[in-house]
Protein chains: 2
Amino acid sequence: MSFFPPSLEKLVEKFASLPGIGTKSAQRLAFHILSLPPEQARDFAETILEAKQTVHTCGICQNLTDSEICSICSNPRRDETKICVVSDPKDVIAMERAREYNGHYHVLHGVISPMNHVGPDDIKIKELVDRIANGQIEEVIMATNPDTEGETTAKYISRLIRPFGVKITRLAYGIPVGSSLEFADDATLMRALEGRQEM
Amino acid sequence: MSFFPPSLEKLVEKFASLPGIGTKSAQRLAFHILSLPPEQARDFAETILEAKQTVHTCGICQNLTDSEICSICSNPRRDETKICVVSDPKDVIAMERAREYNGHYHVLHGVISPMNHVGPDDIKIKELVDRIANGQIEEVIMATNPDTEGETTAKYISRLIRPFGVKITRLAYGIPVGSSLEFADDATLMRALEGRQEM
């Protein structure tokens, strides 16, 4: 039994279909939209359409861009002998924030996940292999997340590209900077110990 | 420094402008929109426009509706001598869920809140007074939230309408059903004690 008008009900449903938005939040968001001045609500709707129309994946690295080739791939000052492989466009942002890496990227748009029916052909692995086969790549840095699926994906790709003879590395595991040993989980501590370096 | 295309950046900003949505959530929502099939993204945008165009306030009770008079106000089987005053359309849904009330409503669309520069003229108090002045209202049930602003609003309105000689009541305070005394706060316990009834 609902006392909302159908069009409001539909807007609530639309918001509730977004990831991480429950019914209560969806109601709050829908009411907020209704409380906006008409031009702002229209602007919101148009932004969705515009983003959907203009944003697509870069022809080289598969990161999101509104031009044919993204700003990183087309930047001549970046080291094109290195590819950092990440699962998600957000990970590119995270890496760029660290201001340590100056190479190129490859965005897989997912990880291999049998539980979710995502196989190697469902993510951008073929495009990565093509880049390595065709280009002057010297190092591939696997930067998928340090969880089971990220690990599996990294291992799968590293086996696949090993025949090309490029250097394959993995981001270091260890204690996060600023955290405390006391709160580190066993697996992280074990990896930190394994990866210990001379001072 | 951003590596998102401007139209994606703008979509993230739009989502981040919604209440309770932080930057991280806004990114997740924007990426989700981009991952939708084009027709679903268009449908989302159109739902926003349609809801904004068709939903407005009921000419009588100020609740949201897509017709001139809402389904509650136009229902001849509801008791039109009673008005339950709530601050928000969501409160109407909550009251209806309880299936105990069969009167009409009045939605204030806010509460008096000097901190947020909301005065009596900024919410639908005048419309309520007009209804009481013109109609055959016998009882006004104040059902604003039991917080400072809700209380203030209820007290303000009750003083304003007292001259009309209608019965003015307030929802009962007390221990929520199914909860435990142990976790009740002092103010609630005090009110529960004050409002105790003979068994």
Volume of the Cα convex hull of the stretch B:104-199, divided per residue and given in Å³
141 Å³
Compute the FRET efficiency between residue B:139 and residue A:40 as 1/(1 + (r/R0)^6), taking r as their Cβ-Cβ distance and R0 = 51 Å, and round to the nearest 0.05.
0.85
Under the definition of partner shielding as Cβ atoms of other protein chains within 10 Å of a residue Cβ, what is the mean value for peptide B:48-60?
6
Segment residue B:75-residue B:196, extension gain: residue separation times 0.36 nm, minus the distance between their alpha carbons:
40.0 nm
Enumerate the amide H contacts of residue A:174 below 5 Å, restricted to partners 5 or more residues apart or on another chain; note that Pro and chain-start residues carry no placed amide H.
none
Can you give the angle from 0 to 90° between the axis of helix B:6-16 and the longest principal axis of chain B, with both taken from C-alpha atoms, to the nearest 10?
20 degrees
Would you mind computing Rg(Cα) / (2.2 N^0.38 Å) for chain B, counting N as its residues?
1.31
Over the Cα atoms of the stretch A:54-120 the radius of gyration and the largest Cα-Cα distance (Dmax), both in Å, equal 12.7, 41
Dipole magnitude of the stretch A:122-169, debye to nearest 20 (Cβ charges: Lys/Arg +1, Asp/Glu -1, about Cα centre):
200 debye
Quick one: Cα centre-to-centre distance for the stretch B:143-172 and the stretch A:135-168, in angstrom?
67 Å
Please work out the Cα convex hull volume for the protein assembly as shown and give it in Å³ per residue.
225 Å³
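Rule-based calculations on the coordinates, nothing more; no lab input. Everything numeric here is computed off the predicted structure, so don't read it as measured data. Virtual Cβ from ideal backbone geometry, glycine too; neighbours counted across all protein chains shown.
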